[in-house]
Amino acid sequence: MHRYIVWPAVALALALAIYVAEPYVVTQRAAAGGPGGLAGQPAPIFDLRDDRGRSVSLRAYRGSLVVMNLWASWCPPCRAEMPDLQRLSQAEAGRGIKVVGVNEGESPQRARAFADSLGIRFPIWVDGGQQYGRTYNALGLPTTVILDREGVVIRAFDGPLTLDEMRAAVAAVRVR
Amino acid sequence: MIWFLSTALIVTVGVVVETWLPGRPAYHAGWYNIALTALAIVVVVNGRKQWKARTRTSRLAIFAVAFGAAAAGLAGVTNGLFAPDNRDVVGAPGERVRVEELGTLSFPLAGEDRTAPVVVTLERALHAPLEIGARARTAGSFILRAVPRDVVDVEVRDLLGNALTVTQPNGGVFLSPVLLMQARQTIDGMNLPFDSFNVPAARRVVKAILFSPAEAAVVLHGPSAPGQAAVLFAVDDESERPLPHAIALSAAGAAVHAGDLWLRGEVTSYPMIEVISIPNTVVVTIGALLVLGGVLGLGVRRRSS
């Protein structure tokens, strides 16, 4: 009887020791830092206004692939990237791809003046509370986030992209 | 028999107390863990001695007591030796902070209703998200508690009234206008929380020092409203050289002019998460129940014989 209980007890004790010690020796998988950390998760939706004061929301973009670019007028790489975003917007408009520029923290007047100076035609939203910049964990500006038709974050990029990089990123999402 | 049951109860009660009154430094002390380990070994050795010349029911009760006490002791010692000390996890609204051994704490953006409680969420692999709001929550071998602390929500405008982007190159979230005020500085004998942020469009670096209502009432003069916290702004150029007329006090969320900027600092409450390790609650509960059941079984057996 004794030996029939000793070995199961030892095995049980070992299993218990592993179970109890597990949280301290097995570390949780780290979420990716920066804007890429939200990949695979639904994009947060904030009710904003555009540079002309109209209410706007990502909800209206369900069913389209969305290229969301966070920018500010004081940021030289944002200025350099804008014409390529405009070209992408024009080239892909008929293929269900929408480009949205989200100004981080500035006034609508400044955002509109900046967009007008560069001949930008795609929608410019104004995120006064810098909410998208915060929830996407932007490491700097510009930050570009690509959402699928269900509003899920597919990819995110820190820093400016060339037109070819934008096209490649959009093509990769389109074939999914 | 009395020694066996006494040591088993001491071990079990000790670990139960460790679970109910968590976070005491003594639990991580060497003497405590050596004592707990020694007592658990005594229980097991005594259990083996008691095993002989017993009925089957008594043996089962002895096994329950010995195993339960050893399991509880193991949970207690593991917590004492391996678990980290208490930690305060401070996150900015919108930030996701990874906590070793635990998972990722997601700090939400504050809603428009500032009086609504902020609920921080713990995300872990293979577990449903755990919301940490007004009451403490248990996650495996940890207790998580939301503790309110003061943060400063800043708003910056140029002299024409245009809003300007606020960045925190040294903060947890680059594009956050919420200052967590984690650094401290001594001014006039008072140890005050401070933080800094950049206004890239204006090429300014701004330092913000937080005065509690009591400190503001005692030390500051002029615009400080009684009973209100205040924020002192000091504006430097982008090379962090002080500018003339660049220090101003914002009390009760009022906008002030300094260094060619309009600055407003609203002091609000936002939770940090206190992480306290405890012995594994499942193991402690099962261990305590086994000890209790075993003690009762032996008592009934003794009375009937």
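Give, in nm to one decimal, the length gained when the segment between B:Trp31 and B:Ala217 is fully stretched (0.36 nm per residue of separation minus the Cα-Cα distance).
On the way: separation 186, 0.36 × 186 = 66.96 nm, distance 4.77 nm.
Result: 62.2 nm gained on full extension.
For the protein assembly as shown, the fraction of C-alpha pairs farther apart than 33 angstrom is 53 percent.
What FRET efficiency comes out for the pair A:Ala93/B:Leu160, r = Cβ-Cβ distance, R0 = 30 Å, nearest 0.05?
Values: r = 35 Å, r/R0 = 1.17.
Using R0 = 30 Å, I get an efficiency of 0.30.
What net charge is computed for the residues neighbouring B:Phe194, neighbours being all others with C-beta under 13 Å from the C-beta of B:Phe194, Lys and Arg scored +1, Asp and Glu -1? That sum, taken over residues with Cβ under 13 Å, equals -1. Between B:Val282 and B:Glu100, the simple spin-label model (points 7 angstrom out along Cα→Cβ) gives 2.4 nm. The helix-only estimate of mean residue ellipticity at 222 nm for chain A, built from DSSP H runs of length n ≥ 4 each weighted as -39500 (n - 2.57), is -12500 deg cm²/dmol after division by the residue total. Sorted on the mean count of surrounding Cβ atoms within 10 Å across their residues, most packed first, peptides B:144-156, A:123-135, B:270-282, B:120-132 read A:123-135, B:270-282, B:144-156, B:120-132.
Within segment B:149-209, which chymotrypsin sites (Phe, Trp or Tyr not before Pro) sit in a loop by DSSP and count at most 16 neighbouring Cβ atoms inside 10 Å?
Passing sites in segment B:149-209 do not exist.
Direction-averaged projected area, Cα convex hull, segment A:55-176: 6.8 nm², rounded to one decimal.
What do you get for GluC sites (Glu not before Pro) in segment A:74-176 restricted to DSSP loop and a cutoff of at most 10 other Cβ within 10 Å of the site's Cβ?
Numbers: sites: A:Glu81, A:Glu92, A:Glu104, A:Glu106, A:Glu150, A:Glu165; in loops: A:Glu106, A:Glu150.
Answer in residue order: A:Glu150.
Inter-label distance, A:Asp47 to A:Glu150: 2.6 nm, where each label sits 7 Å from its Cα along the C-beta direction.
The ranking of A:Thr162, B:Thr138 from fewest to most other beta carbons within 10 Å of each one's beta carbon is A:Thr162, B:Thr138.
For B:Thr165, the residues whose amide H sits under 5 Å from its own are B:Ala201, ignoring neighbours fewer than 5 places away on the same chain, with H placed 1.01 Å from N. Residue exposure proxy: B:Leu296, B:Leu180, B:Leu5, ordered by other Cβ atoms within 10 angstrom of their Cβ from fewest to most, comes out as B:Leu296, B:Leu5, B:Leu180. Model label sites at B:Arg241 and B:Asn170, defined 7 Å from Cα along the beta-carbon direction, differ in position by 2.0 nm. Averaged over the residues of B:97-105, the number of partner chain Cβ atoms lying within 10 Å of the residue Cβ comes to 4.
Once the other residues with Cβ under 11 Å from the Cβ of B:Ile273 are scored (Lys, Arg +1; Asp, Glu -1), what is the net sum? The answer is +2.
Each helix, a run of at least 4 DSSP H residues, gives -39500 (n - 2.57); summed and divided by the residues of chain B, these come to -11000 deg cm²/dmol at 222 nm.
Please give the net charge around A:Thr143, taking every other residue with its beta carbon less than 12 angstrom from that of A:Thr143, where Lys and Arg add +1 and Asp and Glu add -1. Don't skip to the end; give the middle numbers.
Values: positive: A:Arg134, A:Arg155; negative: A:Glu81, A:Glu104, A:Asp127, A:Asp158.
Residues near A:Thr143 contribute -2 overall.
By other beta-carbon atoms within 10 Å, ranking B:Lys49, A:Lys98 with the fewest at the front produces B:Lys49, A:Lys98. Each residue of segment A:150-164 was assigned a 3J(HN,Hα) from its phi angle through the Karplus curve 6.51 cos²θ - 1.76 cosθ + 1.60 (θ = phi - 60°); the sequence is 9, x, 9, 5, 9, 9, 9, 10, 9, x, x, 10, 7, 4, 4 Hz, with glycine and proline shown as x. Among the residues of B:69-78, the average count of other protein chain beta-carbon atoms within 10 Å of the residue beta-carbon is 3. Taking only the alpha-carbon positions of segment B:154-305 and ignoring solvent, what does the Debye formula give for the base-10 log of I(q)/I(0) at q = 0.08, 0.19, 0.20, 0.22 Å⁻¹? Scattering profile of segment B:154-305, log10 relative to I(0): -0.38, -1.16, -1.26, -1.44. Here segment B:132-222 has an Rg and Dmax of 16.9, 54 Å, counting Cα atoms alone.
Bear in mind these aren't lab numbers, they're just calculated from the coordinates by the rules spelled out. Quick caveat: nothing in here was measured; it's all calculated off a predicted structure. We place every Cβ from the backbone using ideal geometry, glycine too, and count neighbours over all the protein chains shown.
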